[in-house]
Amino acid sequence: MSRRRFTFLITTLLGEYCLRAFASHVMAQPITEVTKVNASDEEPWRLSPALVIHSAAKRYQKKIQELAHGHLLDRSASFLQRSSSILSTLRQQASRDFPETQAWQWELHTSDEAEESSYCMAGGKLLISLPQAQRMSLNDMELAMLISHEMAHALLHHHFLEDREALRRFPSLQTKNFEDFQDAVDEDDVILTALAEFDKAQEYEADLVGFQLALRAGFAGAMLIRFFEKLRKHSAYPNFDSKSHPAPAQRLQRLRTWYQQQTPTAKQA
């Protein structure tokens, strides 16, 4: 093995270790950091992973109820079964890679909203878009990459970190009740613009960590990468960043480069 290839492999392994160690450190933060976990409109709050996860569970249930009321929830039994089966495999691997998440109550539903993208909320609450999967004609391997990418956002505590960055840049947000604070982070154009590069970096990180998670769970790397090939193909502007996501072509190239630089042993790991 060349010195350059050996150095790259060591750097990659150290990077994976640091990501997992950081995730463990975030989860280790005590719940006592939260003045009130069940923060109401009038109660003060202090940001912590526990508060973000607790709030996500409530927001997820509200979204599920809205979809059910609109007859847009879990309309395809076969797609729900496919997605749930893939999640079962991935969450087993996640429990090994991120032991602090073993107590999470992972939950997955599917949405038939035409304009809704797939996402995972803090604490492992997934909503997978059937129209998105249909538009991209995703097979099980490609669907696994989509789900694993979204899981990575939760596993790496991206929601907590984004909220923390928003508070650092806009300290006055602390005066809002927590629900309004989260709405502002999700919807306020000024905040979204300020966090754009931060969010793009999180997308790159979720691409790589999600890809590695799926690899270790037994999914074939070449087939996982096809998800990003399809993402590029179905993008109106594949070579340009959006407000919150890097260019699909760039995301594909980064993962291809990483995968090609691994030794055969690393590809099978």
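Where a number appears in this text, it was derived from the coordinates with a stated rule and is not lab data. Not measured: the values here are computed from a predicted model. Methodologically, a virtual Cβ is constructed for each residue, glycine included, from the backbone with ideal geometry; neighbour enumeration extends over all protein chains shown.
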**Q.** Separation in nanometres of the label points that stand 7 Å from Cα toward Cβ, at GLU229 and ARG135
**A.** 2.1 nm
**Q.** Segment SER172-THR193, length gained on full extension (0.36 nm per residue, minus Cα span)
**A.** 5.9 nm
**Q.** Convex hull volume per residue for the stretch 183-226, taking Cα atoms only, in Å³
**A.** 86 Å³
Q: With a Förster radius of 25 Å, plug the Cβ-Cβ distance of GLN81 and ASP183 into 1/(1 + (r/R0)^6) and report the FRET value to the nearest 0.05.
A: 0.15
Q. Around SER111, with a cut-off of 11 angstrom between Cβ atoms, what is the net charge of the other residues, counting Lys and Arg +1 and Asp and Glu -1?
A. -4
**Q.** Net lengthening on full extension, ARG46/ALA201 (0.36 nm per residue, minus Cα-Cα)
**A.** 53.3 nm
